[in-house]
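Encoded as structure tokens, the structure appears first; notes follow it.
The values are calculated or read from the model by the stated rules, or taken from the named source; none is laboratory data. Bear in mind that the values here come from a model prediction, so they are computed numbers and not experimental data. A quick note on method: Cβ atoms are made from the backbone with ideal geometry, for glycine too, and the neighbour counts reach across all protein chains shown.
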Amino acid sequence: MQILYEDNHLIAANKPAGWLVQGDRTGDKPLSDFVKYYIKTRYNKPGDVFLGTIHRIDRPVSGVVIFARTSKALTRMNKLFQERAIQKTYLAITKHRPNPLNGKIEHYLLKNKEKNKTFAYNKIGKKTQKAKKASLQYEMIAGLNNHHLLEVHPETGRPHQIRVQLSMINCPIVGDIKYGYPTPNDDASIHLHSWKLSFIHPVKNIPVTITAEPPEQVLWNMFTNFY
């Protein structure tokens, strides 16, 4: 785990692929526990450490995750996410070249909780009335050795949004067998990375951009000069 940013109100970490953000029924130790331990030991804090989970990224995804260190920051950051005042930038590696090379895509997404999988539809029907609109913008920024690096800006925050929407344009993310890629990565990760989060600090009222370098891995390293 790498700490990317910290002040009295917020702390951000670069989550390794395969880590949970918050605990679940698996019982695996999540990123939030490691961040709490970091705060407790670095600042010699007695008792329990407050840490508010503001948002999540999927377990096989790496990159920036922000936590709140105070209840005030948690409330205000939650509001920023709800109002879509957080600019999110992801990097994705796909095998297929997108056509067109850049654009905006919109779908209606419905998550099946039992299967932990999201399904995308071009329009709402009788069986998909609860589907929620999702939109993102993407741009191919490099292509090397039959792989393509995409910069993705989700405009909404739906479960598995980037993964399912890219698969809908025939660009499943490398390693993402849940959404159409034929083979898994050896470590069960996928090549999707939360690269940057930009926002106005909820307490200091100054612009903040937090950036996380992608994992040290062959495919990511191949594109180092392009991000």
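Residue under question is residue 163, and the condition is that it be in contact with a strand residue (DSSP E or B) (Cβ under 7 Å, 6 or more places away or on another chain) and within 22 Å of residue 227 (Cβ to Cβ); does it hold?
Working: in contact with a strand residue (DSSP E or B) (Cβ under 7 Å, 6 or more places away or on another chain): yes; within 22 Å of residue 227 (Cβ to Cβ): yes.
For residue 163, the condition - in contact with a strand residue (DSSP E or B) (Cβ under 7 Å, 6 or more places away or on another chain) and within 22 Å of residue 227 (Cβ to Cβ) - is met.
Quick one: residue 159 ticks every box in (1) under 13 Å from the mean Cα position of the chain (by Cα); (2) under 21 Å from residue 19 (Cβ atoms); (3) buried (at least 21 other Cβ atoms within 10 Å of the Cβ) bar one, so which box is it?
(3)
Every residue, every condition in (1) in contact with a Gly (Cβ under 8 Å, 6 or more places away or on another chain); (2) among the acidic types (Asp, Glu); (3) under 20 Å from residue 224 (Cβ atoms), yes or no:
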site: 137; (1), (2), (3): yes, no, no
site: 140; (1), (2), (3): no, no, yes
site: 148; (1), (2), (3): no, no, yes
site: 152; (1), (2), (3): no, no, yes
site: 156; (1), (2), (3): no, no, no
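Inspect the stretch 211-221 for any residue being among the aliphatic types (A, V, I, L, M), in contact with an Asp or Glu (Cβ under 8 Å, 6 or more places away or on another chain) and farther than 23 Å from residue 9 by Cα and give the result as yes or no.
First, pick out the residues of the stretch 211-221 that are among the aliphatic types (A, V, I, L, M): 212, 218-219.
With in contact with an Asp or Glu (Cβ under 8 Å, 6 or more places away or on another chain) added as a condition, the list becomes none.
No; the residues of the stretch 211-221 include none that is among the aliphatic types (A, V, I, L, M), in contact with an Asp or Glu (Cβ under 8 Å, 6 or more places away or on another chain) and farther than 23 Å from residue 9 by Cα.
Can you name the residue in the stretch 20-35 that is of a type outside the set (D, E, K, R) and in a helix (DSSP H, G or I) and, of all such residues, is nearest to residue 191 (Cα to Cα)?
To start, the set of residues in the stretch 20-35 that are of a type outside the set (D, E, K, R) comprises 20-23, 26-27, 30-32, 34-35.
The next check asks that each one be in a helix (DSSP H, G or I); those that pass are 31-32, 34-35.
On the way: 31: 19, 32: 22, 34: 23, 35: 24 Å.
Of everything passing the filter in the stretch 20-35, 31 is nearest to residue 191 (Cα to Cα).
Restricting the search to the stretch 134-151, which residues are free of Cβ contacts under 8 Å to residues at least 60 places away in the same chain and either touching an Asp or Glu at 6+ places or on another chain (Cβ under 7 Å) or in a strand (DSSP E or B) (or both)?
134, 135, 136, 137, 138, 139, 140, 143, 148, 150
Give the residue, chosen from 194, 167, 198, that is among the hydroxyl-bearing types (Ser, Thr, Tyr) and part of a helix (DSSP H, G or I). Give the derivation first.
Numbers: 194 fails: part of a helix (DSSP H, G or I); 198 fails: part of a helix (DSSP H, G or I).
Step by step, each of 194, 167, 198 is checked, and only 167 is among the hydroxyl-bearing types (Ser, Thr, Tyr) and part of a helix (DSSP H, G or I).
Out of all the residues in the stretch 180-227, which are buried (at least 21 other Cβ atoms within 10 Å of the Cβ) and in contact with a helix residue (DSSP H, G or I) (Cβ under 7 Å, 6 or more places away or on another chain)?
Passing the criteria: 191, 192, 202, 214.
Rundown of residues vs (1) out of contact with any His (no Cβ under 9 Å at 6 or more places or on another chain); (2) at pLDDT 95 or above; (3) within 12 Å of residue 194 (Cβ to Cβ), yes/no style:
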residue: 22; (1), (2), (3): yes, no, no
residue: 69; (1), (2), (3): no, yes, no
residue: 72; (1), (2), (3): no, yes, no
residue: 85; (1), (2), (3): yes, yes, no
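Where in the stretch 36-119 are there strands (runs of 3 or more DSSP E), lying fully within it, with 3 or more residues that are surrounded by 15 or more Cβ atoms within 10 Å (Cβ to Cβ) and either in contact with a Pro (Cβ under 7 Å, 6 or more places away or on another chain) or among the polar types (S, T, N, Q) (or both)? Give the steps one after another, and end with the answer.
Values: elements: 62-68, 87-94, 102-112.
Per the criteria, 87-94.
So which residues in the stretch 105-130 are touching a helix residue (DSSP H, G or I) at 6+ places or on another chain (Cβ under 6 Å), hydrophobic (A, V, I, L, M, F, W, C) and closer than 28 Å to residue 25 by Cα, if there are any at all?
Listed by number, the residues that qualify are 110, 120.
Please go through the stretch 1-19 and give me each residue that is crowded, with 18+ Cβ neighbours inside 10 Å, of a type in the set (A, V, I, L, M) and in a loop (DSSP other than H, G, I, E, B), ordered by number.
Scanning the stretch 1-19 gives a single hit, 17.
Kindly indicate which of 161, 137, 129 is at pLDDT 95 or above and farther than 30 Å from residue 72 by Cα. Even if it seems obvious, please write down each step before you answer.
Values: 161 fails: farther than 30 Å from residue 72 by Cα; 129 fails: at pLDDT 95 or above.
From the options 161, 137, 129, the qualifying one is 137.
Hey, can you tell me all the residues within the stretch 201-221 that are more than 23 Å from residue 97 (Cα to Cα), in a loop (DSSP other than H, G, I, E, B) and over 14 Å from the mean Cα position of the chain (by Cα)?
201, 202, 203, 204, 205, 206, 216
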